[in-house]
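*Asks:* Attaching a single structure in C-alpha cells format; questions to follow.
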Amino acid sequence: MRKRDDHVSTGRRTFLQAAGAIVGASLAWPQRSTAQQQPAGKTTPAFAAPPIPEVRIGFVGVGGQGTAHVRNMLRVPGCRITAVCDIAPDRIAAVQKLVTGAGQKEPVAYSRGPRDFERLCETEELDLVFNATPWEWHVPVCVAAMKNGKHAATEVPAAMTIDDCWELVEHSEKHRKHCVMMENCNYDRPEMMVFNMVRQGLFGEILHAEGGYLHDLRSIKFSNRGEGLWRRAWATKMNANLYPTHGLGPVANCMDINRGDRFEYLVSMSGPSRGLQQWAREHFPADAPQRAEKYVLGDVNVSLIRTARGKTIYVSHDTNLPRPYSRIHLVQGTKGLFQGYPDRVYIEGRSPEHRWEEAKTYLAQYDHPLWVELTKSAEGAGHGGMDYIEDYRLIKCLREGLPTDMNVYDAAALSAVVQLSERSNARRSAAVEFPDFTRGRWQTTEPLGILHA
Ligand SMILES: NC(=O)c1ccc[n+]([C@@H]2O[C@H](COP(=O)([O-])OP(=O)(O)OC[C@H]3O[C@@H](n4cnc5c(N)ncnc54)[C@H](O)[C@@H]3O)[C@@H](O)[C@H]2O)c1
C-alpha cells in the first residue's frame, strides 16, 4: 500500500527473510547490527525535543476518535489546530466548524485522496501530526510526518507488523522526532491509581499482570460507516491479537517495560472463528456480500508474555462474541494485587484476610495526582475524561521539552504483539522473541515517575 523508504529498512528485511528460511530454527528476531548498548548501572532520561511554545497541530483522520481528540485539543492550553486531512470532505468540514467555533482560524483542508497527508506534511508548518486513521495508515502517516520534521502522535496500535514497528523507531531516531502512541487507557483513573499504588510499594514487587480488550464490536464491525468501513477487513487478514495496547499499556508501565525490564518472548493461541459469521447470517440476506466474507480471526486470542526479568503477563483479544466490556486489568505483586472489572484490591496485612476490598475505598488516598489536578478540566471529554488527560500531557511535554510519557519504543514493543501473536499462533504456540527496539537502553532508561499536570 505504501512506498517503502528503502534506505532505512532494506538491510533488516533481507536479514529477516534469511532468518525466516531456517525452518524449525529459533524464531528470534535478529537485533540490529548497529546496536549501541549503554553501560549498565547508569540511568538516562528518555528522548526529549526542544520546547515548543505553542504547538501547531495537523490532524489526519477525523472520524470518531480523531474528532474526539480535536475537541480535546481545543480545550488544552498551548496548542492550535492549523490543518486537517481526511478522505471524507464532510469530516473535514465538521472539524473546521469546530475549530472556528472555538475562535481559532479555519484549518487548511487536505482532501485529495488517501495519500494527501503527504502534501500536508510537506507543505504545512506544523509541530505535530496527530494521526487517527485506520490501522493500515498509521505508519505511513507517522513516517511522512517525521521525514518532514514534525513530531507524530498516532492512535493505537501504532503498527501491525514488526517491520513497521522498526520503521517508526528508525525514523524517530534518525529525524530526532517523537513518535508517540496515544494509549488513552494508560490515563484512566483506576489504571493511574494502580500505578500510583505500585510506585508506593503497596503491592510489593510486581510479578504478574493481566490485561486485554474484551469488547463486543460486532455491530460496529458490520456498520456501513466509521470503523465498519475498515476494521472488519482485518478479521479476514490476520489471526492474532489485533488490538493489544489497551490492556498492555497500563500494566507495562507498572512493570517498567522499556525502563528496567522488557518484553522478551510470547506464546499465543487463538480459538475458532464463529462470531462474525453468525452475526452476518443473522443480520444480512443470503446474497449479501458480508455473507461471503471469510474470516480468519479467532474470536478469542490469548497470549502470554515473559519479560527479561522473568515476570509474566497474560493478554487477550475478544471482540466478536456477545459479552460485557472488560480490559481485565490485574496487577499482582509479593504483597497483594489489584483486579479490575469490578475493581478490587487485596493487600496482605491491610485487607481482611482472603477477602477483596472495593478499590474505590483506596481512591481518597491513592488517586493519581494527574486526576486530582485535572478532573475538572477533563469533565465531559471522551472515554470518561482519560482522553483529555492523555492529550493534555502530550502537549505539556512538547511545550516544556520533556520526554513524552510514552515514546516510540513503547509504541513498538506494545504494537509488536500483533504480529508476534499471529506468528506464534500459526506455529502451534511456539515461543517468539520480541525484538529489543531500545537496543539495550531498556536497562538504563529512567523509570516513569508520578506525573503532574
Ligand atoms: N484509543 C481509543 O480508545 C480508540 C477508540 C476508537 C478508535 N481508536 C483508534 O482510532 C483510529 C481511528 O478509529 P475511529 O474509530 O476514529 O475510525 P473512523 O473510521 O471513525 O475514523 C477514521 C477516519 O480516517 C479517515 N481516513 C481513512 N483513510 C484515510 C487516509 N488515508 N487519509 C486521511 N484520512 C483517512 C476516514 O475517512 C475516517 O474519517 C483507529 O486506529 C482506532 O483503533 C482508538
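*Asks:* Take the residues of the stretch 138-156 that are in contact with a Leu (Cβ under 7 Å, 6 or more places away or on another chain) and within 13 Å of the ligand (Cβ to nearest atom): which is nearest to T404 (Cα to Cα)? Walk me through it before giving the result.
*Replies:* Looking only at the stretch 138-156, we keep the residues that are in contact with a Leu (Cβ under 7 Å, 6 or more places away or on another chain), and these are 139, 142, 150-151, 153.
Applying the additional criterion that residues be within 13 Å of the ligand (Cβ to nearest atom) yields 139, 142, 153.
Values: V139: 19, C142: 16, A153: 11 Å.
Taking the candidates together, the pick is A153.
*Asks:* Right, another one. For the stretch 191-232, give me each residue that is within 30 Å of E136 (Cβ to Cβ) and touching a strand residue (DSSP E or B) at 6+ places or on another chain (Cβ under 7 Å). Explain how you work it out, then say what you get.
*Replies:* Going residue by residue through the stretch 191-232, those that are within 30 Å of E136 (Cβ to Cβ) are 191, 209-232.
Result: A209, E210, G211, G212, Y213, L214.
*Asks:* Going through T319, T245 one at a time, which residue ends up being more than 24 Å from V345 (Cα to Cα), β-branched (V, I, T) and at pLDDT 95 or above? Steps first, answer last, please.
*Replies:* Values: T245 fails: more than 24 Å from V345 (Cα to Cα).
Result: T319 is the single residue among T319, T245 that is more than 24 Å from V345 (Cα to Cα), β-branched (V, I, T) and at pLDDT 95 or above.
*Asks:* In the stretch 190-221, what residues are more than 10 Å from the ligand (Cβ to nearest atom), assigned to a helix (DSSP H, G or I) and more than 11 Å from P250 (Cα to Cα)?
*Replies:* Result: N196, M197, V198, R199, R218, S219, K221.
*Asks:* Could you check the stretch 222-254 and list, in sequence order, the residues that are within 13 Å of the ligand (Cβ to nearest atom), in a loop (DSSP other than H, G, I, E, B) and touching a His at 6+ places or on another chain (Cβ under 8 Å)?
*Replies:* L242, Y243, P244
Residue-wise test of (1) within 15 Å of the ligand (Cβ to nearest atom); (2) modelled with pLDDT under 50; (3) surrounded by fewer than 18 Cβ atoms within 10 Å (Cβ to Cβ).
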| site | (1), (2), (3) |
| --- | --- |
| R2 | yes, yes, yes |
| H7 | no, yes, yes |
| V23 | no, yes, yes |
| Q36 | no, yes, yes |
| A40 | no, no, yes |
| E54 | no, no, yes |
| G61 | yes, no, no |
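*Asks:* Go over the candidates T404, T438, T445 one by one and state the one that is of a type in the set (S, T, N, Q), modelled with pLDDT of 95 or more, under 18 Å from the mean Cα position of the chain (by Cα) and more than 27 Å from I57 (Cα to Cα). Please lay out each step first, then the result.
*Replies:* Working: T404 fails: more than 27 Å from I57 (Cα to Cα); T445 fails: under 18 Å from the mean Cα position of the chain (by Cα).
Every option except T438 fails the conditions.
*Asks:* Would it be correct to say that S172 is touching a helix residue (DSSP H, G or I) at 6+ places or on another chain (Cβ under 6 Å) and without any contact (Cβ under 8 Å) to a residue 40 or more places away in the chain? If you could, list the steps in order and put the result at the bottom.
*Replies:* Values: touching a helix residue (DSSP H, G or I) at 6+ places or on another chain (Cβ under 6 Å): yes; without any contact (Cβ under 8 Å) to a residue 40 or more places away in the chain: no.
No: the conditions fail for S172.
*Asks:* Can you spot a residue in the stretch 307-320 that is over 18 Å from G211 (Cβ atoms) and of a type in the set (D, E)?
*Replies:* No - not one qualifying residue is present in the stretch 307-320.
*Asks:* Scan the stretch 225-250 for residues that are polar (S, T, N, Q) and surrounded by fewer than 15 Cβ atoms within 10 Å (Cβ to Cβ) and jot them down. Steps first, please.
*Replies:* Kept after step one, since they are polar (S, T, N, Q), are these residues of the stretch 225-250: 236, 239, 241, 245.
T236 - this is the single residue of the stretch 225-250 that is polar (S, T, N, Q) and surrounded by fewer than 15 Cβ atoms within 10 Å (Cβ to Cβ).
*Asks:* Could you list all residues from the stretch 82-135 that are more than 11 Å from the ligand (Cβ to nearest atom), among the polar types (S, T, N, Q) and touching a residue at least 40 places away in the same chain (Cβ under 8 Å)?
*Replies:* The answer is T82, and nothing else.
*Asks:* Check whether at least one residue in the stretch 45-52 is more than 22 Å from G113 (Cα to Cα), surrounded by fewer than 15 Cβ atoms within 10 Å (Cβ to Cβ) and at pLDDT below 95, and report yes or no. Spell out how you get there, then give the answer.
*Replies:* The first filter runs over the stretch 45-52 and keeps only residues more than 22 Å from G113 (Cα to Cα), leaving 45-52.
Now drop any that are not surrounded by fewer than 15 Cβ atoms within 10 Å (Cβ to Cβ), which leaves 45, 50-51.
Keeping just the survivors that are at pLDDT below 95 gives 45.
For the stretch 45-52, residues more than 22 Å from G113 (Cα to Cα), surrounded by fewer than 15 Cβ atoms within 10 Å (Cβ to Cβ) and at pLDDT below 95: present.
*Asks:* So, in the stretch 169-220, how many residues would count as being of a type in the set (V, I, T) and touching a Cys at 6+ places or on another chain (Cβ under 6 Å)?
*Replies:* Initial filter on the stretch 169-220 (of a type in the set (V, I, T)): 169, 180, 194, 198, 206, 220.
Now drop any that are not touching a Cys at 6+ places or on another chain (Cβ under 6 Å), which leaves 198, 206.
Within the stretch 169-220, residues that are of a type in the set (V, I, T) and touching a Cys at 6+ places or on another chain (Cβ under 6 Å) number 2.
*Asks:* Confirm whether D405 is touching a Lys or Arg at 6+ places or on another chain (Cβ under 8 Å) and either surrounded by 15 or more Cβ atoms within 10 Å (Cβ to Cβ) or of a type in the set (S, T, N, Q) (or both). Break it down into steps so the answer makes sense when it comes.
*Replies:* Values: touching a Lys or Arg at 6+ places or on another chain (Cβ under 8 Å): yes; either surrounded by 15 or more Cβ atoms within 10 Å (Cβ to Cβ) or of a type in the set (S, T, N, Q) (or both): yes.
Against the criterion (touching a Lys or Arg at 6+ places or on another chain (Cβ under 8 Å) and either surrounded by 15 or more Cβ atoms within 10 Å (Cβ to Cβ) or of a type in the set (S, T, N, Q) (or both)), D405 qualifies.
*Asks:* A further question on this structure: When you look at Y388, is it farther than 28 Å from Y243 by Cβ, among the aromatic types (F, W, Y) and at pLDDT 95 or above, yes or no? Please lay out each step first, then the result.
*Replies:* Values: farther than 28 Å from Y243 by Cβ: no; among the aromatic types (F, W, Y): yes; at pLDDT 95 or above: yes.
The answer is no for Y388.
*Asks:* Within the stretch 285-302, how many residues are exposed (fewer than 14 other Cβ atoms within 10 Å of the Cβ) and assigned to a loop (DSSP other than H, G, I, E, B)? First the steps, then the outcome.
*Replies:* Here is the first cut: in the stretch 285-302, the residues exposed (fewer than 14 other Cβ atoms within 10 Å of the Cβ) are 285-289, 291-292, 294.
Then keep just the ones that are assigned to a loop (DSSP other than H, G, I, E, B); that gives 285-288, 294.
Within the stretch 285-302, residues that are exposed (fewer than 14 other Cβ atoms within 10 Å of the Cβ) and assigned to a loop (DSSP other than H, G, I, E, B) number 5.
*Asks:* On to the next question. Please determine whether any residue of the stretch 202-224 is more than 20 Å from the chain's Cα centre (by Cα), buried (at least 23 other Cβ atoms within 10 Å of the Cβ) and not basic (K, R).
*Replies:* Yes, the conditions are met somewhere in the stretch 202-224.
The values are calculated or read from the model by the stated rules, or taken from the named source; none is laboratory data. Values in this document were obtained by computation on a predicted structure and should not be read as measured data. Here Cβ is always computed from backbone atoms with ideal geometry, including for glycine, and neighbour counts include all displayed protein chains.
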